[in-house]
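What follows is a set of notes on a single structure, which appears directly below.
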Amino acid sequence: MQDLEMGVIEITKRIISIIEKDETLQNVTVRGEISNFKLSGPHAYFSLKEEDYLLNCVMFNAIYRHPHEIKEGTVVKATGSVRIYAKRGTYQFYAEDIQEGMDYGELYRKLEELKLKLKREGIFDKPKKPIPSFPKRIAVVSSKTSAAFHDVVKTINKRYPLATILLFHTSVQGKDAFLEIVKALDAADRSDADVVLLVRGGGSIEDLWNFNEESVVKKIYGMKKPVITGVGHEIDTTLVDYVADKRAPTPTGAAEYATPDLQELTKHMNVIFSNIVKKFDQDLDQKTYHLMNLKKRLDFLSPVNQTTLKGEKVDEAFLKVKRALENILKEKRSIFLRVGDALAHSKVVRTTEIIPERLYTKMDTLKRITVNSMSSKSSIVEKAFLSLSIHDPYEPLKRGYAIISKGDHHVKSVEELRKEDKIKLELFDGKILSEVLEIDKNGK
């Protein structure tokens, strides 16, 4: 890759363009300790210091903008923008306004003392209320003009547009803002909201101090509705975070904790529905297979099928008897022929007369056995058909009886019928649709 070559002017202009496009650097309040302060005519030149970091600053017409004396080492908040001083190749902060800040060391000590006091009172041990999974109404306690409120609205509309947002406007910064915050929280708790969001953007400990006030903390402690706090940035922690039912790192995070993601929920529901359909298909296939097996068994065990099988067995027995008789006759004939042939050459006439007589006797006996066997098999078949005929539910219809049905089931008793019921009478040669006009439960 070839190295990019630029002139000093070009690269300086590029740096200026990058800084000027960053809106945050064009209107920002910087907190720090005054260092190296000096006046040059009406202009002031100084540095803002924090630990080992230093930011060079300039304030044009300072004696007019800030007539009060600015002392070395004072903690201030300077509002302005960051720009590049091209002639020296340095960046510096151009201050438009300077306000004296508080002693942050004193604020931190005060915060720790209040935190310890509330902890001893058991305020932070309050059981956490559950956050509703699908809130219908979400109360937002914040400033209506703040970026935090707009971030919350944007996030909720994106994730869960089914919810209604209720704004309870309050100042979130200033000396007495905590009084407004308490009133807004009270109104939100009395509303029909399902959950309350207390949100504010980031800032210094001084900017966020209203969320450390004892009255605000105790108000959240006594609220009936679950509260989610999203005050400051991820590194900021205020006392309301300890007593809230859920603490979010940012206002956007609070909105995310309060709502389900509808898109993810839809995907999850589609997977569940797909699994249900798949399980239903599997169960249906299994039930169908089971019903087919039952049908095969019923078909096999039906009277008609059993009669057919009995008939087939009788036919098979008859054929076996017939074949056996034919074989016996064939064998006897062969014997008869051999004996007759032998007798033709024999001189014993009496023997010749006796053998045919015995043979004819055997033949009569065999014939009688065959006829009896056939008669017995025929009797079995007739009994089988007779039994089938007796158990045939439609056989009585030929004798003038009828099958009465109501809906999809047969009527067995008058107790099952009511006047004006529609019934169906099934006769031997057709069906009749009728209506019940009268019921005589005592009649025969």
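What follows is calculated from the coordinates using simple rules that are stated; it is not laboratory data. Every value quoted in this text rests on a predicted model; they were computed, and no experiment measured them. So basically every Cβ, Gly included, is an ideal-geometry build from the backbone, and we count neighbours across all protein chains shown.
Data overview
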| read-out | value |
| --- | --- |
| Residues V153, V182, V8, V141, sorted so that the one with the fewest Cβ neighbours within 10 Å comes first | V8, V153, V182, V141 |
| Contact order normalised by residue count of the range 135-260, Cα under 8 Å, 6+ apart, percent | 29 percent |
| Listed residue pairs exceeding 29 Å between alpha carbons, taken from K77/K110; K21/K246; K128/K158; K158/K278; K128/K279 | K21/K246; K158/K278; K128/K279 |
| At most 15 other Cβ within 10 Å, DSSP loop - GluC sites (Glu not before Pro), the range 65-144 | E69, E72, E121 |
| Computed over the range 8-101: relative contact order in percent, which uses C-alpha pairs under 8 Å that are six or more apart | 29 percent |
| Relative packing of 27-33, 196-202, 230-236, which averages over residues the other C-beta atoms within 10 Å, highest first | 196-202, 230-236, 27-33 |
